[in-house]
Amino acid sequence: MTDADLARFADIEAIKRLKAQYCRYIDTKQWDRLAGLFAPGTVFEGFGSAPTGSDERAFVTGISTRMKDAVSVHHVHNPEITFFGPDRARGIWAMMDLVELGPDMPLKEFPGARGYCGYGHYEEEYIRADGIWRFSFLRLTRLRLDPMAADHPPIRHDLLAHSPDWLDG
């Protein structure tokens, strides 16, 4: 294995970590950290929290507002990552998300429902600047979206909370 191969594997791992942070920061409502994952001018498509064509500021504002009282669980799997130069890459991730919005947040996808469980793919572009990989484009595509009935059991708030700084040492 060459040094170039090892460097490419390190890049893939850095992009996988970026995506893991994206999911965790949304689910744990770490909006400032989430904002730091995007390159300036990142474009978003297919998200319920921000209109297609939104930039990173509009996306973070939209998702932090919509998810303020929500419980969400984002899982991503099976990344396919391709490089288009030393500092540009694209990826596709299989995804599943469960979103239960708060009582005062209407669900535009399913009026009258409490939330949904969705399945699909993320299509993304990444750039590396100053040695750090960041998102430069995100598209969410859906294969299926199932509503969560209004009489679904209520959100529990007595569960052990996350530790935002767990990895900081």
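The values are calculated or read from the model by the stated rules, or taken from the named source; none is laboratory data. All values reported here derive from a predicted model rather than from experimental measurement. Glycine gets a Cβ as well: all are built from the backbone with ideal geometry, and neighbour counts include every protein chain shown. The area values use the complete protein model at the heavy-atom level, side chains included, leaving out ligands, DNA and RNA. Shrake-Rupley method; radii C 1.70, N 1.55, O 1.52, S 1.80 Å.
Data for the structure
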read-out: Estimated 222 nm signal from helices in the chain, with DSSP H stretches of n ≥ 4 weighted -39500 (n - 2.57), rounded to 500; value: -8000 deg cm²/dmol
read-out: Solvent-accessible ranking of Trp31, Trp166, Trp133, largest area first, probe 1.4 Å; value: Trp166, Trp31, Trp133
read-out: Environment charge at Cys23 (Cβ cut-off 15 Å; Lys +1, Arg +1, Asp -1, Glu -1); value: +3
read-out: Rg/Rh (Cα only; Kirkwood hydrodynamic radius) as it applies to segment 99-169; value: 1.11
read-out: Charge sum, other residues only, whose C-beta stays under 12 Å from Asn78's C-beta, Lys/Arg counted +1 and Asp/Glu -1; value: +1
read-out: Percent accessible area from carbon and sulfur atoms, segment 45-134, protein chains only, probe 1.4 Å; value: 54
read-out: Accessible area, probe 1.4 Å, largest first, for residues His121, His77; value: His77, His121
read-out: Probe 1.4 Å, protein heavy atoms only - accessible area per residue of segment 49-163 in square angstrom; value: 58
read-out: Value of Rg to Rh for the chain (Rh from inverse mean 1/r over Cα pairs, i.e. Kirkwood); value: 0.99
read-out: Leu159-Thr61 FRET efficiency (beta carbon distance; Förster radius 35 Å; 0.05 resolution); value: 0.80
read-out: With eigenvalues of the C-alpha gyration tensor scaled by 5 and rooted, segment 1-56, Å; value: 27, 14, 9
read-out: Ranked order, Phe137, Phe9 - accessible area, probe 1.4 Å, largest first; value: Phe9, Phe137
read-out: Val60 - accessible surface, heavy atoms, 1.4 Å probe, Å² rounded to 10; value: 20
read-out: Candidate lysines - alpha carbon under 27 Å from Lys16, same-chain residues fewer than 8 apart omitted; value: Lys29, Lys68
read-out: Crossing angle, helix 56-66 versus the chain [Cα axis fit, 0-90 degrees, rounded to tens]; value: 30
